[in-house]
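Read the structure below first, then the notes.
The values are calculated or read from the model by the stated rules, or taken from the named source; none is laboratory data. Quantities reported herein were computed from a predicted structural model and do not represent experimental measurements. Cβ sites come from the backbone with ideal geometry, for glycine too, and all protein chains shown count toward neighbours.
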Amino acid sequence: MSAMDEARIAALIARYRPPRGWLPFLLLLGALAALAFSVLEVNWVANDAIVIPAFFLGFLLAAGLAFGTARPWLAAVILIATGLALGVLLAAEMTPPPRVVAEGLPALADFWRIRAALFVDRAAGWLAAVRGGGRSTETVVFALFLALAGWAVGALLAWSAYRLRRPYLGLTLAGLALIANTFYGRAGLYWAVFFFGLAITAGTYLSYLYREIDWSAAGTDYSTEVRADVLIYAAGISLGIMSLATAIPAINFRAIAAAFQSRNAVIAAEQTLARAFAGVAQPRQDEGVGGGGGMPRAFLLGGGPELAATVVMTATTSADPPADLSPFHWRSVSFDIYTGRGWQRSPEREADIDAGQPIPPSDETPAGAIIHVNQTVNWLYDHRATRYTLGRPLLFSHDVVAMWRGTADLVGVRGRNNAPRRYAAETTLIAATADGLRATRPQDAPPEIRARYTQLPRDLPARVHQLAHTIADPQPTAYDQARAIEAFLRQYPYSLDLSPPPADVDIVDYFLFDLQTGFCDYYASAMVVMARAVGLPARLGVGFLQRPTNSAGEQIIRQIDAHSWAEIYFPGYGWVEFEPTASAAAAPSAPAPSATAGPAATYEPFGGAAVAIPDRAPQRQTPWLLLLGLAAAALVGWRLWGRRLAERLGGPGPGLDETQLAFARLQRRAADLGHRPRPSQTPAEFAATLLADPLFDRPDGATLRPSIERLTALFIGRQYGRAEGATGAAEARDLWGHLGGSLRRLALRHRFQPGQEAKRDTENTETEHSEHGGKRSS
């Protein structure tokens with residue numbers, strides 16, 4: 001770095017230097033960082049990383065306002081307005097991806113509109129659960145609280161330290177926040193140790209700096225050397241307190257906490273908070289996934305005969321008016337978050353529904369006729385409370401808990417109050433025709449539906465997007481796009497004899513382009529992801545396939561019938577099921593009610609032009625023979641030229657002048673000829689031994705003798721006589737320029753003469769031994 005660059009950096013640092021210096025500024029930031037990392041360690045919610053920008057942006061903005069001349073009331077207005085805006089921006093995840101930014105202002109406006117609608121829907125759903133005394137795993141309100149609290153703590157710390165000149169006021173507030181986070185979130189105590197060490201040092205040093213300002217204003221004489229002493233003492237006290245905090249036995253805070261938490265008012269408050277923030281720092285075990293965010297029906301892979309033999313439930317159904325129900329599935333829940341490795345469910349709210357009480361319908365007015373389905377289910381497999389139904393549940397014969405996303409998006413239902421295994425339920429289906437679905441547009445879907453059910457991982461491979469558009473873009477309507485994707489996927493062969501996918505792949509990309517065979521989870525996931533890629537709101541439904549009834553009119557559902565499928569949203573009709581799995585009967589164009597129960601629906605192939613399955617990506621095999629050949633070539637190349645290359649790249653050795661360096665290179669080249677220099681040799685003896693080699697009796701070697709002798713003489717004069725002048729150094733450099741290439745060619749010929757190197761090594765070893773022996777005898 002040049003002196004000019006260093007001067008520019010120094011000027012930049014000086015220009016933006018805080019009024020009280022960089023040291024207290026960085027100490028305060030360090031204390032704030034300890035608090036932020038303590039919050040992140042607890043992992044209150046999935047997107048708790050929003051506290052980082054909230055903490056530090058609040059601190060920086062408040063510090064800038066404190067350094068300026070803004071009036072306190074104006075600064076307060078700016079901080080509150082900016083904090084609220086930033087909190088909503090972070091909690092609602094309204095930062096657009098680069099793809100949306102590149103599409104221009106209309107795409108940005110649409111993105112912000114649907115993200116804002118989703119945020120309002122999630123917050124309204126949480127509020128409805130709290131007001132109704134229900135339970136909610138929705139975390140968006142808690143995330144907003146974290147962002148606002150982080151902003152407030154950072155802003156008050158900077159304002160109190162730089163404007164009020166009372167740094168311990170803001171540090172105390174931050175310390176209380178840290179204590180609460182450590183107590184309730186069980187964060188590590190080491191963050192508290194770091195925080196209080198930095199806080200004491202920063203507070204003491206800043207307080208002294210303000211004393212200096214007061215002394216200067218009053219004309220009081222003081223020594224500037226005291227500042228360093230104060231800093232050293234404050235740091236020493238802080239280190240001492242940090243050491244004691246980690247060494248002495250901890251106070252039994254649990255007994256104090258137990259006494260505090262045993263009070264009735266505290267118990268009631270904690271119960272209310274537990275219902276309102278049931279999703280905070282509480283990992284949930286979802287039906288069919290086991291909490292790992294994987295594939296819902298992964299247990300089918302490699303399953304034995306017991307899957308086909310194990311009966312999980314029996315059921316009877318009837319429809320009013322009579323309709324063909326065969327295209328539909330026994331549905332439990334839906335999944336909305338695709339991670340690239342599997343599926344998760346976003347936070348939900350829960351509402352208790354008593355027996356016989358209707359579950360509130362969605363806000364949308366249905367565009368088709370409503371079919372009522374009565375069913376009786378006898379669950380036999382285990383004690384799970386999940387309720388399986390055909391269609392959207394309306395009411396149950398026992399007490400249940402309805403799970404919602406937002407205000408009106410029903411996820412599923414589970415039993416409560418020791419739910420019975422046998423239950424009756426009434427559900428609804430909306431009859432639709434293909435023409436009716438073709439008349440809908442995805443843009444007319446509620447914005448919160450579009451925001452929630454069109455999200456995809458940002459690292460989804462581009463070829464998945466490209467394939468989805470290749471299939472869907474030629475189709476004129478959203479319904480035809482969905483049918484085209486469904487028909488395309490049904491070309492892939494079905495198999496349960498599969499190994500788990502590699503850990504570093506996107507599962508849909510792996511299924512479409514590499515594996516090209518799969519089971520229901522792969523098909524359904526691929527359809528949902530490709531539908532979202534072309535703008536269709538889609539989600540993953542899980543449950544069981546229907547089976548033909550026996551003579552008693554009863555379906556027998558086995559474990560092998562566990563299934564997943566795709567559901568796509570059509571405005572006015574709601575969620576429509578699609579069946580992309582090749583082994584299952586696909587859903588027809590629409591559930592058409594009829595006056596009498598007709599035959600089972602059959603899949604009608606999609607009439608559009610079929611898109612062929614892409615060529616399988618070639619399996620990359622490690623070219624071991626090529627790698628071994630390259631390694632051998634690298635070894636030979638290093639043996640022949642490596643040392644010389646390293647010598648050239650390394651430049652002159654430390655402390656060697658031109659003559660010394662030239663003679664050292666001569667010795668290295670002599671070693672290549674089989675004449676390694678020995679410590680017992682003088683320079684003249686080394687040169688004599690080298691020139692005694694028969695190689696230098698040949699014409700090409702004899703011409704090198706004078707140069708070697710002259711270089712040796714120059715080195716002896718430089719090493720044992722007076723220091724050489726510029727003329728000697730230049731001569732040595734020229735001599736080596738003449739010798740270097742010629743000696744290299746001699747060395748190459750020497751290497752390819754069998755036995756020569758071993759012979760010379762033997763002669764050198766015998767000579768060395770004889771010399772040492774002579775010295776010992778003398």
Please list, ordered by first then second residue, the pairs with beta carbon atoms under 8 Å, 6 or more apart or interchain, first in the stretch 568-584 and in a strand (DSSP E or B), second acidic (Asp, Glu). 574/364; 575/567; 576/567; 577/567; 578/486; 578/567
Every pair of residues 6+ apart whose Cβ atoms lie under 6 Å, when the first sits in the stretch 499-515 and is closer than 15 Å to residue 301 by Cα while the second is small (Gly, Ala, Ser) and not in a loop (DSSP other than H, G, I, E, B): 511/518; 511/526
State whether the residues of the stretch 132-147 include one that is in the same structural domain as residue 71 (by TED's automatic domain parsing), among the β-branched types (Val, Ile, Thr) and more than 20 Å from residue 46 (Cβ to Cβ). no
Which residues, taken from the stretch 72-120, are hydroxyl-bearing (Ser, Thr, Tyr) and at pLDDT below 90? 95
All conditions in (1) in a strand (DSSP E or B); (2) among the small types (Gly, Ala, Ser); (3) within 34 Å of the chain's Cα centre (by Cα) are true of residue 318 except (3)
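Return the total of residues in the stretch 514-541 being in a loop (DSSP other than H, G, I, E, B) and either of a type in the set (S, T, N, Q) or outside the structural domain of residue 302 (by TED's automatic domain parsing) (or both).
Looking only at the stretch 514-541, we keep the residues that are in a loop (DSSP other than H, G, I, E, B), and these are 516-517, 519, 534-537.
So of that shortlist, the ones also either of a type in the set (S, T, N, Q) or outside the structural domain of residue 302 (by TED's automatic domain parsing) (or both) come out as 516-517.
The qualifying residues number 2.
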List, please: which pairs have Cβ atoms under 7 Å, are six or more places apart or on different chains, and start with a residue in the stretch 189-200 that is in the same structural domain as residue 31 (by TED's automatic domain parsing) and end with one that is aromatic (Phe, Trp, Tyr) and surrounded by fewer than 19 Cβ atoms within 10 Å (Cβ to Cβ)? 191/37
So residue 537, is it surrounded by fewer than 19 Cβ atoms within 10 Å (Cβ to Cβ) and more than 25 Å from residue 312 (Cβ to Cβ): no
Just checking, which of 76, 102, 85, 46 is of a type in the set (Gly, Ala, Ser) and within 22 Å of residue 178 (Cα to Cα)? 46
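Would you check if residue 331 is in a strand (DSSP E or B) and surrounded by 17 or more Cβ atoms within 10 Å (Cβ to Cβ)?
yes
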Filter the stretch 542-566 for residues that are within 22 Å of residue 496 (Cα to Cα) and either free of Cβ contacts under 8 Å to residues at least 12 places away in the same chain or outside any strand (DSSP E or B) (or both) and give the result. 545, 546, 547, 559, 560, 561
With the requirement that a residue be crowded, with 21+ Cβ neighbours inside 10 Å and either at pLDDT below 90 or of a type in the set (Asp, Glu) (or both), what does the stretch 430-447 give you? 430, 432
Selected residue (only one of 516, 546 is crowded, with 18+ Cβ neighbours inside 10 Å and more than 25 Å from residue 442 (Cβ to Cβ)): 546
For the stretch 150-166, which positions are in contact (Cβ under 8 Å) with a residue 60 or more places away in the chain and part of a helix (DSSP H, G or I)? 150, 151, 152, 153, 154, 155, 156, 157, 158, 159, 161, 162
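Matching residues to (1) in the same structural domain as residue 313 (by TED's automatic domain parsing); (2) under 26 Å from residue 321 (Cβ atoms); (3) in contact (Cβ under 8 Å) with a residue 40 or more places away in the chain; (4) out of contact with any strand residue (DSSP E or B) (no Cβ under 9 Å at 6 or more places or on another chain):
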position: 347; (1), (2), (3), (4): yes, no, yes, no
position: 351; (1), (2), (3), (4): yes, no, yes, no
position: 358; (1), (2), (3), (4): yes, yes, no, no
position: 367; (1), (2), (3), (4): yes, yes, yes, no
position: 371; (1), (2), (3), (4): yes, yes, yes, no
position: 376; (1), (2), (3), (4): yes, yes, yes, no
position: 382; (1), (2), (3), (4): yes, no, no, no
position: 389; (1), (2), (3), (4): yes, yes, yes, no
position: 392; (1), (2), (3), (4): yes, yes, yes, no
Can you find, within the stretch 187-206, the residue that is surrounded by the fewest Cβ atoms within 10 Å (Cβ to Cβ) among those that are closer than 17 Å to residue 173 by Cα and of a type outside the set (A, V, I, L, M)? 196
Residue identified as of a type outside the set (A, V, I, L, M), buried (at least 19 other Cβ atoms within 10 Å of the Cβ) and closer than 21 Å to residue 98 by Cα among 463, 450: 450
